[in-house]
């Protein structure tokens, strides 16, 4: 599947994703990779949860806009799951799998 952010053109998606990455790098004091994650599955309280760009988040009850991955060398590496009104944080050790979008 090609990279997208719901409701945006391909060019807008790339620009918006980069803006998300830069802003979250500053606000979370860490580096986020340029890997464009499409789906993240993780365990929370013993339950397997999957978050996917373009789908409604089972936790936030909103459409997932993007999933960012911090540099694995950062202390406490993590994933950010972004919706319009919420940023959910998942520790890397909670993740079962991370699926990336197809490369252009």
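The values are calculated or read from the model by the stated rules, or taken from the named source; none is laboratory data. What you see is a predicted model, and the numbers here were worked out from it, not measured in a lab. Cβ atoms come from the backbone with ideal geometry, glycine included; neighbour counts cover every protein chain shown.
Numerical summary
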| read-out | value |
| --- | --- |
| Subset of the stretch 23-52 (residues that are part of a helix (DSSP H, G or I), free of Cβ contacts under 8 Å to residues at least 40 places away in the same chain and surrounded by 11 or more Cβ atoms within 10 Å (Cβ to Cβ)) | 23, 25 |
| Test: residue in the stretch 4-15 that is buried (at least 18 other Cβ atoms within 10 Å of the Cβ), in contact with a strand residue (DSSP E or B) (Cβ under 9 Å, 6 or more places away or on another chain) and modelled with pLDDT under 95 | no |
| Unmet requirement for residue 56, which otherwise passes all of (1) free of Cβ contacts under 8 Å to residues at least 24 places away in the same chain; (2) surrounded by 15 or more Cβ atoms within 10 Å (Cβ to Cβ) | (2) |
| Of all residues making up the stretch 1-22, the number that are without any contact (Cβ under 8 Å) to a residue 12 or more places away in the chain and in contact with a helix residue (DSSP H, G or I) (Cβ under 7 Å, 6 or more places away or on another chain) | 1 |
| Matching residues in the stretch 72-92 - criterion: being touching a strand residue (DSSP E or B) at 6+ places or on another chain (Cβ under 9 Å) and loosely packed, with under 13 Cβ neighbours inside 10 Å | 76, 84, 89, 91 |
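Yes/no per residue for (1) within 19 Å of residue 20 (Cα to Cα); (2) touching a helix residue (DSSP H, G or I) at 6+ places or on another chain (Cβ under 7 Å); (3) free of Cβ contacts under 8 Å to residues at least 60 places away in the same chain; (4) not in a loop (DSSP other than H, G, I, E, B):
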position	(1), (2), (3), (4)
60	yes, no, yes, no
76	no, no, yes, no
81	yes, no, yes, yes
89	yes, no, yes, yes
93	no, no, yes, yes
96	no, no, yes, yes
102	no, no, no, no
